[in-house]
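Every number here is computed from the coordinates shown, using simple stated rules; none is lab data. Keep in mind that what you see is a predicted model, and the values were worked out from it rather than measured. When we count neighbours, we look across all protein chains shown, and the Cβ atoms used for this are built from the backbone with ideal geometry, even at glycine.
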Amino acid sequence: MYSIHLSSASLSLQPDEWKNHVLGGIGFSNASDTAHPKITNFPFADVEMPVLEGAASACEIWISDSSVTYEQRGLIQYSYDENTLFGVLLMPQTSALEQMTESAFMQIFSLLETCGYRYIFRFWNYLADINGVDAIGSDGADNDEALERYRQFNIGRQNAFVASGRELTGNLPAACALGTANGSLTVAFMAGRSPTLAIENPRQISAYQYPQQYGPRSPSFSRANLVLLSDGTQKVADTDQTLSPQKLLFISGTASIVGHETKHHLDAVAQTRETLANIEIVIQEANKKVGLGEFNMTDLLYRVYVRHPTDLPAIRAEMEHVLGRSFKAVFLQADICRTDLLVEIEATAASTIRLPEEQYA
Ligand code: 3EB
């Protein structure tokens, strides 16, 4: 399995034969990008989020080395090969965000149990107006105060983990949670048949142990998730050898948080530096499990969520300063789940990732 990153325009030019190996994708686009696919033969999270550099859209497409089956169940479009399932749930605005979120995650967990892909690598969560404050659902909590929507999302997500008998600490999936201007709740997910290894950050309290000041329920995610994909079909031709498992590292949305506190208020450059220090230590933790030098900061594919587009040049310059000039990143404009965070960076490492030249000029 590998991912490629390209614009919608390039995506639509790919041959059909290629598309039959696509597990799914996530695409970010400016509302004005008419090339953006609205209908695909594979599960596709279509996120309306401004792309700050280059093409008007940026798609991350996951491709299987074997054949892929496509299905739909309720609100979930999903696909799978013999060891990985990719799904997208698009939740219409039906009720309060907490209830919608709980329902969304319940449906996902139920599908994964049924299909036998219960080990979740990663969630991608996109919700409208993440920092907005509105009235919580009547049965949501023990008072009827207004609550920030990200905090409502956390209640619904945690309720679904509990109701599905999933652990709230320890081996949690990697994740990100970002705000969009429009749309409802979009959750994309990738899961497999065997356990993954959650990685935590020794500079940070685990998110699932954040104190109550960040909301009545803590967020259910790990700092990164290490996935070893042993593909029985990856036999070396005419020998008894099989390829060693592919190692994937999904680094969650990472921000300028040390302990549990936001650091460097109003300073996008210092927040970027702190965030990269967090990512670096997460990579070191992952390498303790799989071997020194397996993953390194310069080979990652980064996605950078920038709250204020005017901060982009400074954030990019700081990344160049730390990573060198040739790092690979897509920059998007998004609201981040704490109002004092100006930047959030996530990353993926895959040992067989292939990149087209185009997106990262
Ligand atoms: C943080 O470290 C920043 O709620 O799923 C990062 C990644 C963040 C995932 C989530 C939130 C989430 O707390 C915010």
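Think of the chain as a dipole: +1 on every Lys or Arg Cβ, -1 on every Asp or Glu Cβ, centred on the Cα centre; then among Ser110, Tyr305, Gly324, Gly324 lies furthest on the positive end.
Taking K and R as +1 and D and E as -1, what net charge do the other residues with C-beta under 13 Å from the C-beta of Val22 add up to? Summing Lys and Arg as +1 and Asp and Glu as -1 gives -4.
Judged by the mean number of other Cβ atoms found within 10 Å, the most tightly packed of the peptides 308-318, 262-272 leads the ranking 262-272, 308-318.
Sorted by mean Cβ packing within 10 Å, highest first, what order do the peptides 16-28, 188-200 take? Walk me through the intermediate numbers first.
Numbers: 16-28: 18.9, 188-200: 20.8.
Per-residue mean Cβ counts within 10 Å order the peptides as 188-200, 16-28.
Antiparallel beta bridges, as assigned by DSSP with both residues in the chain, represent about 75 percent of the total such bridges. Only helical runs count toward this figure. For the chain, summing -39,500 (n - 2.57) over DSSP H runs of n ≥ 4 and dividing by all residues gives -7000 deg cm²/dmol at 222 nm.
Lysine pair count for the chain (Cα-Cα distance under 22 Å; residues 8 or more apart in sequence or on different chains): 5. Based on Cα contacts under 8 Å between residues 6+ apart, segment 257-334 shows a relative contact order of 33 percent.
Pull up the DSSP beta bridges for segment 114-220 and report the antiparallel fraction as a percent, rounded to 5. Working shown, then result.
Values: 11 of 18 bridges.
The antiparallel fraction comes to roughly 60 percent.
Only helices reaching 15 angstrom along their own axis (Cα) with mean Kyte-Doolittle hydropathy no lower than 0.0 count here, and for the DSSP H runs of the chain these are 97-115, 312-323.
Look at the alpha carbon pairs under 8 Å that are at least 6 residues apart: their mean separation over the length of the chain gives a relative contact order of 17 percent.
Taking a ≥ b ≥ c as the square roots of the eigenvalues of the Cα gyration tensor, an a/c ratio of 1.5 or more together with a/b no larger than b/c marks segment 30-141 as oblate.
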